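J.: I am attaching a structure below and will ask some questions about it afterwards.
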Amino acid sequence: MRKFTIAAVVVSALAVTGVAGAALVPGVFDPDSTGCPTATYSNGTLHLAKNCPTTTNAAAGADITGVTGAFTSASFTLASTTQCQGGSPRFNITTPVKTYFLGCNNITPVLNADGTATYTFTPASIIAGGNPDSVPSGSITSASVIIDVQGTADLKDITLNGVKQVPVVGNAKQCKKGGWKTFTQPTFKNQGQCVKYTNWQKHQLKVHAHASHNG
């Protein structure tokens, strides 16, 4: 199973949580340190890119943490259908049975008036797409949304089991008195780095909320 790590080159742009029950945690899988995958979150959009050949062992995405229970549904909205390439982006849903791959090319999207496309995965839509063996069975142990082909994807309104997935950030106070050492996604070198990061993310969420209110 691929596990995303937060790359130092993009850490200032990634969402993070250091608390239990977190949701979306953007990051990259780049074991060979190619630097080609990037994952950022801003203005309600998860921006994923793989700027290297598809054959490169690298991916960009986000872990979806704090999820339990059986799979019922998942969805995301892409900027356009042209961003669906070779089954990416997709959800990786892992249960004790196996890891299920729910790719954008496995279902028919709903085309929205603004040119975006919404992909909704349910047992019914997965079966209708001719992939009955891809319906997740068993309780979810891990989940992520990724892109591992060359290209970019801009995802909004990411949901899993009916819950909208957004970055959740810890309070700067949690960084103090050694608390910065307990953060795992990502880790910090010191208290100052932790405080700076949580304050930055708090500001980003306020900006997004203000923009949504005025939109």
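For every residue, the table says whether it meets (1) closer than 13 Å to Thr65 by Cα; (2) modelled with pLDDT under 90; (3) in contact with a helix residue (DSSP H, G or I) (Cβ under 6 Å, 6 or more places away or on another chain).
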position: Pro132; (1), (2), (3): no, no, no
position: Ser139; (1), (2), (3): no, no, no
position: Ser144; (1), (2), (3): yes, no, no
position: Leu160; (1), (2), (3): yes, no, no
position: Asn171; (1), (2), (3): no, yes, no
position: Gln174; (1), (2), (3): no, yes, no
position: Gly178; (1), (2), (3): no, yes, no
position: Lys189; (1), (2), (3): no, yes, no
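J.: Continuing with the same structure: What are the residues in the range 1-53 that are under 18 Å from Asn92 (Cβ atoms), at pLDDT below 80 and open to solvent by 60 Å² or more (accessible area, probe 1.4 Å), if any?
T.: Correct list: Met1, Arg2, Lys3, Thr5.
J.: Within the range 132-141, which residues are of a type in the set (S, T, N, Q) and open to solvent by 40 Å² or more (accessible area, probe 1.4 Å)?
T.: Correct list: Ser137, Ser139, Thr141.
J.: Would you call Leu160 aliphatic (A, V, I, L, M) and buried (at least 18 other Cβ atoms within 10 Å of the Cβ)?
T.: Answer is yes for this residue.
J.: Also, quick follow-up: If I ask for residues that are closer than 18 Å to Asp157 by Cβ and open to solvent by 10 Å² or more (accessible area, probe 1.4 Å), which ones from the range 83-100 would you list?
T.: Result: Gln83, Cys84, Arg90.
J.: With a cut-off of at least 1 residues that are without any contact (Cβ under 8 Å) to a residue 24 or more places away in the chain, name the strands (runs of 3 or more DSSP E) lying wholly within the range 99-190.
T.: Per the criteria, 99-103.
J.: For the range 64-80, what are the residues that are modelled with pLDDT under 95 and surrounded by 22 or more Cβ atoms within 10 Å (Cβ to Cβ)?
T.: Ile64
J.: Moving on to the next point. Within the range 102-109, can one find any residue that is open to solvent by 10 Å² or more (accessible area, probe 1.4 Å) and closer than 22 Å to Val25 by Cβ?
T.: Scanning the range 102-109, I find no residue that is open to solvent by 10 Å² or more (accessible area, probe 1.4 Å) and closer than 22 Å to Val25 by Cβ, so the answer is no.
J.: If you don't mind, there's one more thing I want to ask. Give the residues of the range 81-106 that are within 15 Å of Ile126 (Cα to Cα) and either at pLDDT below 95 or touching a Cys at 6+ places or on another chain (Cβ under 9 Å) (or both), sorted by residue number.
T.: Gly87, Arg90, Gly103, Cys104, Asn105, Asn106
The values are calculated or read from the model by the stated rules, or taken from the named source; none is laboratory data. This is a predicted model, so every value here is computed, not measured. Virtual Cβ from ideal backbone geometry, glycine too; neighbours counted across all protein chains shown. Areas reflect the complete protein model, heavy atoms only, side chains present, ligands, DNA and RNA absent. Shrake-Rupley method; radii C 1.70, N 1.55, O 1.52, S 1.80 Å.
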